[in-house]
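Any read-out appearing in this document is the output of simple, stated calculations on the displayed coordinates, not a laboratory observation. Note that the coordinates shown come from a computational prediction; the quantities given were computed from them, not determined experimentally. All Cβ positions, even for glycine, are placed from backbone atoms using ideal geometry, and neighbour counts span all protein chains on display.
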Amino acid sequence: MQKKIRVLIAKPGLDGHDRGALVIAQGLRDEGMEVIYSGLRQTPEQIVAAAIQEDVDCIGLSILSGAHNELFPEVTRLLKENHAEDILVIGGGVIPDDDIPFLQKHGIKAIFTPGTSISEIAQFIKGVSLEDKGTVSNSSVKKIDHLGIAVHHLDEAIPFFQDVLGLKLLGKEEVVTEGVKVAFFEVGETKLELLEPLNKESPIYKHLEKRGEGFHHIAFEVDNLIQQFDWMKENGFPLLQDKPKDGAHGKKVGFIHPKSTHKVLVEFCEIPIKE
Amino acid sequence: MGDIEKEQFKEWEGKTEAFIKKHPERKDFFETSSNIPIDRLYMPNEMDEAYIEKLNYPGEYPFTRGIQPTMYRGRLWSMRQYAGFSTAEESNKRYKYLLEQGQTGLSVAFDLPTQIGYDSDDPHAKGEIGKVGVAIDSLKDMEILFQDIPLDKVSTSMTINAPASILLAMYIAVAEKQGVAPEQLSGTIQNDILKEYIARGTYIYPPKPSMRLITNIFEYCANYLPKWNTISISGYHIREAGSTAVQEVAFTLANAIAYVESALEAGLEIDEFAPRLAFFFNAHNQFFEEIAKFRAARRLWAKIMKERFHAKKEKSLQLRFHTQTAGSTLTAQQPDNNVVRVAIQALAAILGGTQSLHTNSRDEALALPTQDSARIALRTQQIIAYETGVTDTIDPLGGSYYIEALTDQIEKEVEEYLNIIDEMGGAVTAIEQGFIQREIHKAAYQYQRDIEAEKQWIVGLNSFKITDETKPELLRVDPSVAKLQEQKLKELRDSRDNEAIAIRLAALKQAAETDENVMPFIVEAVKAYATIGEIANVLREVFGIYQPS
């Protein structure tokens, strides 16, 4: 499971105007983040200590009294001193535009002035925090390759898809490693795969026993299956096997356990480059 | 009119004529631009019991139509711009400028260290010195702040809460040096600690000793400063924190009830202190609702004082209030539009019968107001006062079906909240349990959601936007203020009689530990030039510090 983004909303200085801080805290919670609110009158030392102890990804500072030029840079300085400069620091409040470059120079990544929407701030935090973790580049899903449907007998199911829906049957094939016999239909850019068990050891046989006929799995085409596997493992998604295996049409395939993917069996497949 | 009604009207007229002999109206004759004469008061053709019960004449219980018999035909509201920044010297200059420009009362903004009882050289004060108001450390600063301003002539409002007793003591001491006796002083201290726990945040001590300090001030002023408003019970900040209009009135009156009960418990007589209680409300965007809100608040308070606390004096029943336009409605985008917002909000306050008014400056969402912006804000009030004629008859919207219906409805909903808070055990408990804070936060969050979903349009913010805005000139507080204040403090500590201070602070501590009124001890400490931090620290030792849960 992906870790939730953790945010500390903090009020340095002495001003007691925390309507903005409270609204933002609530708003970011509604955006799926874990938010801690410091309360009023926190010193930069207290804020940095709380941020480190709570292991937050982001500190949001709010000041309306005009003390930002003194207090915001003190927070980033103390973060550095405590080797915690990887924590994203943003700020808000009544802050003149002319002060923003100064604050950015001191490591406050963004300043949100009155009128900013909560979603804008949430987008910013999510963007930076994903970038930091390199989340963006390592999943290489291109499209849905096919949807898998479990059936008792291919011959009984084919007529519905072929004759009634009028889909083009691409072919039938036995995949012995999986213990299945499959039929593929073309549906626009993607395909349907009907699966019939070859024996009682086949996972499809078990699926039919437990749930009967119906939707079985979704298969995404990826650029690089090995890299995709590594990425999934890194993020804590258990694989059903360690290495890619051979699937239909000579594709390399691999499955993710459905318990971590909202009960959907996910297959990744990589189409080999033809020589 | 029937005979009884005619009799009542005659009675009111007679009373009013007598009042006018003492307090003449601004003109002998009021008329419109078309020479149509303007009556002092307009009334329904049919006067019935319901009218007398709900509205009655201005200056008569329950004061729905206003607290004086002539209202603005007699005297306009006080134009009172909240100001103060940097050092006492700088603020003194701004006050003199505002008085020259026709402002009729002073309103002092203190910086946050002063408001929380820290000296400028305290580590907590870092970055905040002179920022949102003037830095006051000792009587020395206060003497400079009011230099060449005759304290027997101006009335001064001070936005000070937790250390209100200290600043009031300094004011008394400065007046004495000017040769002005305490009984001549008129003005207001905000002194409303409960709303600090709810919304504004400049608390120091826990609720119980804080309430005791307030009661001490009530008693002291009843004896020595009869013209002083001892508290300004404030809905303003509750509204700024995001409450609705109904919540603003409900929570303010709930706090007011708590203060009254606390004073009664301390043995004070209701009619001794109640006439000096003042209120402070917000003037927000919803024009008619705001007008109705002020009228409903007056009626509610009169009833509470009469029926619940059995006050007898007419002045005890009257809700007098200051109003400020809603800072939180001002946008950083297209800031000149704020002048229009402020004008409409100010008009609502005036149609609602306010006793004094602060109009916000257009640039407050960006920084502290510049001198130009502060002047336009004052001019806005002056235009309404002198050019529009809205001041020529009393409660001009009284009798409007809409206004009266809204007034009734707000009254009803406020009473519902007051019942809930009574059942919880009063405002202090409701605050300690976070009930009031949660109610406000819910309303604030809903409002923000509505703006983002564009259910609520804000001109220039989520609609009618422009891309290439020109940036206005902003006021900057000179950062050398902090150094200057620290320097002044050092000189003071080196030059004053520190032994005398130690003795007076010890006496204060002893008084604080008993039931004695601490005010006289604070006045003595202040006169010896004890600093605000030193005095507040003595009380911190005795009372402890408030920790929000």
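Things worth noting here:
- Normalising by residue count, region A:1-82 has a Cα convex hull of 81 Å³ per residue.
- For the set A:Lys142/A:Lys191; A:Lys168/A:Lys210; A:Lys233/A:Lys263, the pairs lying more than 22 angstrom apart at their alpha carbons are A:Lys168/A:Lys210.
- Among B:Met424, B:Phe521, B:Gln409 - extreme Cα towards positive end, dipole of region B:403-538, charges at beta-carbon: B:Phe521
- Relative contact order for region A:6-133, counting Cα pairs under 8 Å that sit 6 or more residues apart, in percent: 26 percent
- Rounded FRET efficiency, nearest 0.05, which uses the C-beta distance separating A:His257 from B:Lys315 and R0 of 51 Å: 0.05
- Sorted largest first, extent of chain A alpha carbons per principal axis (Å): 77, 37, 35
- Ranked packing of B:283-292, B:411-420, B:330-339, B:360-369, most packed first, by mean Cβ within 10 Å: B:360-369, B:283-292, B:330-339, B:411-420
- Solvent-free Debye scattering, log10 I(q)/I(0), computed from the Cα coordinates of region B:391-513 at q = 0.13, 0.16, 0.23 Å⁻¹: -1.02, -1.02, -1.23
- Burial ranking of peptide ranges A:83-94, B:469-480 (average Cβ count within 10 Å, highest at the top): A:83-94, B:469-480
- Note on region B:71-452: with charges restricted to the Cβ of Lys and Arg (+1) and Asp and Glu (-1), its dipole about the Cα centre is near 620 debye.
- Pairwise FRET efficiency - B:Lys153 versus A:His106, Cβ, R0 = 51 Å, nearest 0.05: 0.60
- Think of the protein assembly as shown as having a plus end and a minus end, set by charges on the Cβ of Lys, Arg, Asp and Glu; of A:Ala157, A:Asn199, B:Ile144, B:Ile144 sits farthest toward the positive end of this dipole.
- Of the two radii for the protein assembly as shown, the radius of gyration is 1.12 times the Kirkwood radius, both from the alpha carbons; that is the Rg over Rh value.
- For A:114-122, mean number of other protein chain Cβ atoms within 10 Å: 4
- Distance histogram in 10 Å bins (all Cα pairs of region A:174-272, percent per bin): 14, 48, 33, 4
- In chain A, the calculated helix contribution to ellipticity at 222 nm averages -9000 deg cm²/dmol per residue, counting -39,500 (n - 2.57) for every DSSP H run with n ≥ 4.
- Extending 7 Å from Cα along the Cβ direction at B:Asn223 and again at B:Arg308 yields two label points whose distance is 2.9 nm.
- Summarising the label geometry, the points placed 7 Å from Cα in the beta-carbon direction at B:Phe287 and A:Leu240 lie 6.8 nm from one another.
- The per residue volume of the convex hull around the alpha-carbon atoms of region B:283-369 is 92 Å³.
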